[in-house]
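Engineer: There's a structure below that I have some questions on.
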Amino acid sequence: MGALRPWARYGLLVGAHLLALGLGAAVLQALEGPPALRLQANLRAELATFQAEYGACLPPRALEELLGTALAAQAHGVSSLGNGSETRNWDLPSALLFTASLLTTTGYGHMAPLSAGGKAFCVVYTALGLPASLALVAALCHCLLPLLRHPGAWVAIHWQLTPATAALLQASGLGLLVAGIFMLLPALVLWGLQGDCSLLEAIYFCFSSLSTIGLGDLLPGRDHGLHPVLYYLGQFALLGYLLLGLLAMLLTVEMFLELPQVRAMVKFFRSRGPLNAEDEGGIVGQDELALSTLPPSAAAPERAPAC
């Protein structure tokens, strides 16, 4: 495969991506098609039963118009179900969560602007705020990555590991730590607090949030008649979890991108040309930089003569 031209390599990559898309679509169609058909049949049966009992009291197509209006309002985060005093649309926690979903590209879809001014503001706010958010995340990653490399450098020195092995061990450890703190632990909390949520659904919500998919079919603390204090605390906790969790995920991705195996795969799709300093040094140069940041007492075992 090394003899392939760059355009052939990119064609291979695009073909593999399209194959993965087709495979994912086929699997989802097989898994989700039958439940969707059953749900549609149940809905039609419920509508038929309702029309048979109360159809004589309703004008023609009145029920369809009412359901259409309710569904259109629900798509914008407005619901008339339950007690009217429990509706919380565009209060401060909901607005903060919505803006955070814009700037983090999560986009849960549980709320949407109704007015033309709100839609125009979202366009301008996201166009200005998203680059600023990316710059902030890049600066935080630049500051935190050297700190995260210290444990791997210490392990590489004391266990006498190769730089590639130390980098793989460090990235794997960080991935497991982030998965436990920002995926499994919040899922267990959500599973315990949300009565109608299974553990799989809680893990599904955490993953969709931290991967910025934000499908929005499950959002904690909505439509459950919570006490106002618990509702506000839950919304602010979700906001903090979203911001900190995304930062942790980006740090983990950056750590995995520095692996020699990943660098070799990326280099395979590059155009042929002279090697630069980054290609020649690779992860070894970064490990040497990380080792040089250790105090002299920590680096002393490396200079000790072997027995």
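The values are calculated or read from the model by the stated rules, or taken from the named source; none is laboratory data. Remember, it's a predicted structure, so these values are computed and weren't measured experimentally. We place every Cβ from the backbone using ideal geometry, glycine too, and count neighbours over all the protein chains shown. For accessibility, only protein heavy atoms count, side chains too; no ligands or nucleic acids. Shrake-Rupley method; radii C 1.70, N 1.55, O 1.52, S 1.80 Å.
Engineer: Given charges of +1 on the Cβ of Lys and Arg and -1 on the Cβ of Asp and Glu, with all other atoms neutral, how large is the dipole of region 10-75 about its Cα centre, in debye to the nearest 20? Present the calculation step by step, with values, prior to reporting the outcome.
Structural biologist: Working: 3 positive and 5 negative charges, 33 e Å.
Dipole magnitude for region 10-75 comes out near 160 debye.
Engineer: Can you put Met255, Met265 in order of accessible area, largest first, using a 1.4 Å probe?
Structural biologist: On the way: Met255 10, Met265 115 Å².
Correct descending sequence by accessible area is Met265, Met255.
Engineer: Can I ask one more? Using a probe of 1.4 angstrom, how much of the accessible area of region 10-75 is carbon and sulfur, in percent? Kindly include the intermediate steps, with their values, before the conclusion.
Structural biologist: Values: 3920 of 5510 Å².
Answer for region 10-75: carbon and sulfur cover 71 percent of the accessible area.
Engineer: Right, another one. Tell me, what is the FRET efficiency for Leu184 and Leu243 to the nearest 0.05, using R0 = 22 angstrom and their Cβ-Cβ distance as r?
Structural biologist: Numbers: r = 19 Å, r/R0 = 0.87.
About 0.70, to the nearest 0.05.
Engineer: Now for a different question. Please work out the FRET efficiency for the pair Thr162 and Leu128, using the Cβ-Cβ distance as r and a Förster radius of 41 Å; give the result to the nearest 0.05. Don't jump to the answer; show the numbers that get you there.
Structural biologist: Values: r = 46 Å, r/R0 = 1.12.
Computed FRET efficiency for Thr162 and Leu128 comes out at 0.35.
Engineer: Just reorder Leu39, Leu145 by solvent-accessible area, largest first, 1.4 Å probe, all chains present.
Structural biologist: On the way: Leu39 120, Leu145 15 Å².
Per-residue accessible area, sorted high to low, gives Leu39, Leu145.
Engineer: Taking a probe of 1.4 angstrom, what is the accessible area of Ile181 in Å², to the nearest 10?
Structural biologist: 80
Engineer: If you don't mind, there's one more thing I want to ask. What's the extension gain from Val137 to Ala73 if we count 0.36 nm per residue and subtract their Cα-Cα distance?
Structural biologist: Between Val137 and Ala73, full extension yields an extra 19.5 nm.
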